[in-house]
Amino acid sequence: MTRALHIDAPVGLPVVDMTREFDAPPAAVYRAHRDPELVARWLGPHGFEMVIEVYDVRTGGRYRYSHRDPEGNVYRFNGVFHTAREDELIIQTFEYEAVPDVVAVETLRFEALDGGRTKLHTHSVHTDVATRDAMIDSGMEQGVRESYERLDGLLAG
């Protein structure tokens, strides 16, 4: 079953809030966000290849990865994991390397629901509203939806 993705980008505030439910317990959803082999299987839009250079989910860890689209364009991202609390919380920075010096801070909360399910809450704080809007206009919603559809399949398998 495809779950609805809810995105809220309040007018005048440089934030994006997203929620999405998964038919798996928090430990499984967290593991899919922590294990680089699993992350490479679901993160990114359909048809994109993901290459992970480093992905060390722990307090003080870091990541760097790239996506290659079907036309061969490469998009690189990096960040630092400020807090990683097993099955509960990840706080990280997010930087798209084509726009250097612009960093968002993301908080991911893994909420246990009845029936062994999880609600993932993501709160992203951007540098300013214009930067937040540019991220949204880049196709963020489609990329997140497609990623979570693949994550559903990964969690079901």
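Each reported figure results from applying straightforward, stated rules to the coordinates on display, with no laboratory input. On a predicted model such as this, the values are computed, not experimentally measured, just so you know.
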Self-check item: Calculated from backbone phi, Karplus (6.51, -1.76, 1.60) coupling profile of the stretch 117-123 in Hz, x at Gly/Pro
Solution: 9, 9, 10, 9, 10, 10, 10
Quiz prompt | Pairs of Cα atoms farther than 16 Å apart, the stretch 18-72, % | solution = 51 percent
Quiz item: Tell me, what HN-Hα J-couplings in whole Hz come from the Karplus equation 6.51 cos²θ - 1.76 cosθ + 1.60 at θ = phi - 60° for each residue of the stretch 141-157, using x for Gly and Pro?
Solution: 4, 4, x, 5, 4, 5, 4, 5, 5, 5, 5, 3, x, 4, 5, 6, x
Exercise. At q = 0.12, 0.13, 0.19 Å⁻¹, what is the base-10 log of I(q)/I(0) for the chain according to the Debye formula with one equal point scatterer per Cα and no solvent? Please give it to two decimals.
Key: -0.49, -0.58, -1.38
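Helix-derived [θ] at 222 nm for the chain: sum -39500 (n - 2.57) over DSSP H runs of at least 4, divide by residue count, nearest 500? Please report the intermediate quantities before stating the final value.
Values: 4 runs with 39 residues, N = 157.
One gets -7000 deg cm²/dmol as the mean residue ellipticity at 222 nm.
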Quiz item: Using Cα pairs under 8 angstrom and six or more residues apart, how large is the relative contact order of the stretch 41-124, in percent?
Solution: 17 percent
Quiz prompt | Whole-Hz ³J(HN,Hα) from phi, Karplus 6.51 cos²θ - 1.76 cosθ + 1.60, for the stretch 81-86, glycine and proline x | solution = 8, 6, 9, 9, 10, 2
